[in-house]
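Right, one structure below, let's go through it.
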Amino acid sequence: MIFVDENCVICGGYNDDTLLRLNDDDFFECPLCHAQYGFASIPLVALLPFRGKGSFRPGESRVPLDLQGFMLARSQPEQVVLADKNGIFTSRDEIQAYLAVVKD
Ligand SMILES: [Zn+2]
């Protein structure tokens, strides 16, 4: 399983460059790779099938502590803001394969 805290799991590591921030579409987005994470279906986090535009809300808008530590999953095909409970990622290879077809 891949768990999401406040850093982008795709970029990996823990540094300020990859701290997820709330964007104008109400998704958390990585400032570096622009992957978008949806928290509308906690306890699963949805990895959206399209990237953000880097349009962030002003101020500190990090992932709140009570939303950290949940498992990352694919988006539901028909409702991309929600995570697919049958699509929980089990490896980084799976994430890379999923993102390989992501539209920019
Ligand atoms: Zn990233």
Roughly how big is segment 3-100's charge dipole about its Cα centre, with Cβ charges of +1 (Lys, Arg) and -1 (Asp, Glu), in debye to the nearest 20?
140 debye
Given the C-alpha centroids of segment 17-32 and segment 41-104, what is the distance between them in whole angstrom?
11 Å
Would you order Y37, Y14, Y98 from fewest to most other beta-carbon atoms within 10 Å of each residue's own beta-carbon?
Y14, Y98, Y37
With the charge dipole of the chain built from beta-carbon charges (+1 for Lys and Arg, -1 for Asp and Glu) about the Cα centre, the Cα from V102, L44, L20 projecting farthest to the positive end belongs to V102
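Quick one: if you take sqrt(5λ) for each eigenvalue of the C-alpha gyration tensor of the chain, what semi-axes come out, biggest first, whole angstrom? Don't jump to the answer; show the numbers that get you there.
Numbers: eigenvalues 70, 41, 38 Å².
Sorted largest first and rounded, they come to 19, 14, 14 Å.
Ranking S91, S61 by Cβ neighbours within 10 Å, fewest first, what do you get?
Values: S91 10, S61 15.
Fewest-to-most ranking of S91, S61: S91, S61.
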Using the Cα centre of segment 3-100 as origin and beta-carbon charges of +1 (Lys, Arg) and -1 (Asp, Glu), tell me which of C8, L65, F89 is placed farthest towards the positive end of the dipole.
F89
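Readers should treat all values here as calculations from the given coordinates under stated rules, not as data from a laboratory. Small disclaimer: the values here were computed from a predicted structure and weren't measured. No Cβ is skipped: glycine too gets one built from the backbone with ideal geometry, and neighbour counts run over all protein chains shown.
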